[in-house]
Amino acid sequence: MSGNAAYTEMWEKLDLDIAAHDGLLSVLGKFYGDIYMSQQGRLKGMEYLDFVLSEVHGLRIKELQDAKAEGRKIIGTFCVFVPEELTLAANAVHVGLCAGADAGTEQAEKLVPRNTCALIKSFIGFKMARLCPYTESCDMVVGETTCDGKKKAYEAFAEHVNMHVMELPQTKTASARQLFRDEVVRYMTELEKLTGVTITPEKLAEGIKVVNNKRRALQRLSALRSADPAPISGRDALLINQVSFYDDPVRFTGSVNALCDEMEGRIAKGEGIAPKGTARLMLSGCPMAVPNWKLPYVMESSGAVIVGEESCIGTRNTRDLVDESATTMDAMIDALVDRYMRIDCACFTPNVERLDNVASMAKELKADGVVHYSLMFCQPYAHEALKVDAALREQGIPMLSIETDYSMEDVEQLKTRIEAFVEMVK
Ligand code: BJ8
């Protein structure tokens with residue numbers, strides 16, 4: 001994680017707490033070194049991701065400031081239900097603000113109760129402790145009425161940032177679809193007001209193409225992970241999915257496709273990141289935002305390789321594409337709505353399609369077992385852990401249910417449980 005005088009000046013302008021921010025970058029740099037740079041036999045294409053991560057608070061933030069200087073707006077989001085296609089069509093920049101580290105917890109707990117999930121506390125803590133240059137760069141932050149924790153947290157957050165909250169339905173009925181469609185149109189109107197750009201069918205078609213291409217590249221990456229030996233570690237694949245929320249979408253797509261070319265070469269030679277026959281585990285559950293790498297690291301240090309992430313920082317965000325055949329604005333919005341209403345988030349009731357998706361993904365990736373991950377205090381995913389377990393058991397696929405947070409206190413306990421699970425699935 002770089003720090004130099006020009007960046008410090010930029011962070012000062014963004015009103016970050018420089019001393020605390022320097023401390024955060026040095027901890028993150030060390031954490032990244034231990035978890036990522038210690039891996040043997042990594043793909044050459046991961047150098048790009050290492051670079052992006054090393055500049056995550058530097059060069060990328062500079063790019064955002066340059067975009068702002070050109071009059072473009074920065075939109076921050078917390079959920080994969082906010083359509084990036086529309087943001088791009090308004091010539092704005094779309095960034096994910098979910099946070100994956102304990103920071104500013106004390107300040108966060110003044111705004112939300114202690115028994116709130118770590119992801120929510122983290123994004124509030126980053127804001128209140130003035131640690132996140134992305135949040136500080138945003139012209140508008142988009143929330144959404146998904147879980148109760150987020151809904152109520154946005155009420156408090158809105159006092160500190162310019163917020164727009166999308167009302168999300170909780171079911172997949174026809175009236176729910178209509179509600180979501182109205183909310184997509186309302187978001188579009190809000191974007192037009194903020195940016196002064198009129199979203200035309202041509203601009204939206206381009207936005208759809210860019211985001212579809214990004215998702216296609218990530219689908220390609222995901223499919224290549226069915227090879228045995230696994231061509232890429234789960235840690236690296238998770239990092240790629242995490243970076244997809246920050247990086248310039250066109251540049252990112254090019255580098256993921258180049259990495260996939262390299263993976264294909266590796267597969268053709270029968271090579272991989274771990275020996276053939278290594279226990280193959282799939283992750284399923286809550287999103288893992290940067291730098292939440294604890295569980296994947298523990299899993300891959302326990303004799304397993306991770307072959308897929310059934311999560312919003314994973315296939316829940318990349319599985320479906322928007323139909324590109326529409327030409328009128330109305331038809332394009334319908335195509336967007338159709339695609340987004342297929343997201344199988346645990347906030348929906350019922351949410352049976354997720355059970356089918358987890359089982360078929362585990363089979364496609366030839367997973368020997370699934371580790372279900374819920375953040376502590378996350379009701380929707382904790383409930384669904386029971387259902388996913390039952391659905392996988394029916395298919396003869398073992399599952400281990402983990403509930404954890406961002407602290408490092410339970411690492412040894414997690415390791416013991418995961419080692420036992422790895423032994424069992426082998
Ligand atoms: S579409 S998963 S990104 S809502 S972990 S904050 S659910 S208490 S993140 Fe999500 Fe959108 Fe759904 Fe995906 Fe609440 Fe649970 Fe915390 Fe969560």
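The values are calculated or read from the model by the stated rules, or taken from the named source; none is laboratory data. Quick caveat, the model's predicted, so the values are computed rather than measured. Methodologically, a virtual Cβ is constructed for each residue, glycine included, from the backbone with ideal geometry; neighbour enumeration extends over all protein chains shown. Each accessible area value is taken on the protein alone, full model and side chains, heavy atoms only, with ligands, DNA and RNA left out. Shrake-Rupley method; radii C 1.70, N 1.55, O 1.52, S 1.80 Å.
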### Query
Just checking, how many residues over the stretch 68-83 are open to solvent by less than 10 Å² (accessible area, probe 1.4 Å) and either more than 16 Å from the ligand (Cβ to nearest atom) or assigned by TED's automatic domain parsing to the domain that holds ILE313 (or both)?
1
### Task
Only one of these is open to solvent by 50 Å² or more (accessible area, probe 1.4 Å) and more than 16 Å from the ligand (Cβ to nearest atom): GLU353, GLU394, GLU403. Name it.
GLU394
### Task
Considering each of ARG181, ARG215, ARG177, ARG220 in turn, give the residue that is part of a helix (DSSP H, G or I), of a type in the set (Lys, Arg), open to solvent by less than 30 Å² (accessible area, probe 1.4 Å) and closer than 25 Å to THR315 by Cβ.
ARG215
### Message
Taking the criterion of being away from the ligand (no atom under 16 Å from the Cβ) and in a helix (DSSP H, G or I), would at least one residue in the stretch 367-384 satisfy it?
### Response
no
## Note on the structure
Residue set LEU336, LEU321; condition touching a residue at least 60 places away in the same chain (Cβ under 8 Å) and in a helix (DSSP H, G or I); output residue LEU336
### Task
Kindly provide the set of residues from the stretch 90-103 that are touching a residue at least 60 places away in the same chain (Cβ under 8 Å), within 12 Å of the ligand (Cβ to nearest atom) and part of a loop (DSSP other than H, G, I, E, B), ordered by number.
CYS98, ALA99, GLY100
#### Entry: Residue that is among the aromatic types (Phe, Trp, Tyr) and more than 21 Å from the chain's Cα centre (by Cα), where the choices are PHE421, PHE377, PHE348
PHE421
### Query
Is it fair to say MET361 is modelled with pLDDT of 95 or more and open to solvent by 60 Å² or more (accessible area, probe 1.4 Å)?
no
### Message
Looking only at the stretch 104-120, how many residues end up being away from the ligand (no atom under 14 Å from the Cβ) and part of a loop (DSSP other than H, G, I, E, B)?
### Response
4
